[in-house]
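Shown next, in structure tokens, is the structure this report addresses.
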Amino acid sequence: MVAPPRSTATISSARRTPHQGSGAWSAAADYKVTPDTLIGFALAGGGTNYSLANALGSGSADLFQAGAFGRTNFGPAYVSAALAYGWHDVTTNRIVTLAGFDQLQGRFRAETFSARFEGGYRFATPFVGITPYVAAQAISFRLPAYAEAAVIGTPLFALNYAGQTTTAYPDRNRPAHRQILCDAGCDA
């Protein structure tokens with residue numbers, strides 16, 4: 001007898017913390033195409049507002065994330081894949097009072113792309129199951145150029161940074177966050 005296709009969905013409502021001005025939402029669903037194949041997706045979004053002490057600045061950040069995955073079994077073997085995208089929209093406002101009163105504003109939109117492919121084989125023993133696997137993963141962060149402009153006053157103390165794209169292929173000996181931070185040349 002073949003099991004009927006299975007479908008699940010989860011929707012999470014917005015959660016807001018009044019003194020931080022933040023909120024988030026998420027939704028996900030998966031569908032069992034065959035008894036051995038599962039596909040699905042997930043979406044998430046959120047936003048936050050923040051401020052610096054002594055009224056020296058504030059900012060806001062919005063984000064959106066989307067992902068899709070699939071897995072299929074061939075007896076005790078399996079293959080799976082996942083793809084994801086993230087979008088981040090950040091605005092900063094700073095007050096500089098070194099040479100009068102300057103209000104500086106900057107905005108950037110960063111993106112994240114990632115993918116993971118995996119395959120394995122489960123060996124069942126009387127006491128425990130063992131599943132050796134092989135996986136490949138890549139993560140790319142794209143941070144565009146950032147430049148502050150003077151809303152009030154002069155741009156004398158405005159910050160300017162060049163854009164950067166970093167791609168990492170993490171492995172078990174060098175986690176992604178360490179690899180990305182070290183791309184500029186620190187000791188691994």
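The values are calculated or read from the model by the stated rules, or taken from the named source; none is laboratory data. Just so it is clear, the model here is predicted, and its values are computed rather than measured. With ideal geometry, Cβ positions are generated from the backbone for all residues, glycine too; neighbour counts draw on all protein chains shown. We work out accessible area using only protein heavy atoms, side chains counted, and drop any ligands, DNA or RNA first. Shrake-Rupley method; radii C 1.70, N 1.55, O 1.52, S 1.80 Å.
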* Given F157, F113, F101, which one is open to solvent by 70 Å² or more (accessible area, probe 1.4 Å) and touching a residue at least 60 places away in the same chain (Cβ under 8 Å)? -> F157
* Asked: Considering the stretch 116-135 alone, what residues qualify as being part of a strand (DSSP E or B), in contact (Cβ under 8 Å) with a residue 12 or more places away in the chain, of a type outside the set (D, E, K, R) and open to solvent by 60 Å² or more (accessible area, probe 1.4 Å)?
  -> F117, Y121, F123, A124, Y133, V134
* Asked: If you go through the stretch 65-78, how many residues are within 25 Å of the chain's Cα centre (by Cα) and surrounded by fewer than 15 Cβ atoms within 10 Å (Cβ to Cβ)?
  -> 2
* Going by the structure shown, is A99 part of a strand (DSSP E or B) and of a type outside the set (F, W, Y)? -> no
* Asked: Does R94 count as charged (D, E, K, R), over 25 Å from the mean Cα position of the chain (by Cα) and surrounded by fewer than 16 Cβ atoms within 10 Å (Cβ to Cβ)?
  -> no
* Name every residue in the stretch 30-60 that is open to solvent by 40 Å² or more (accessible area, probe 1.4 Å), modelled with pLDDT under 95 and among the hydroxyl-bearing types (S, T, Y), in order of residue number. => T48, Y50, S51, S58
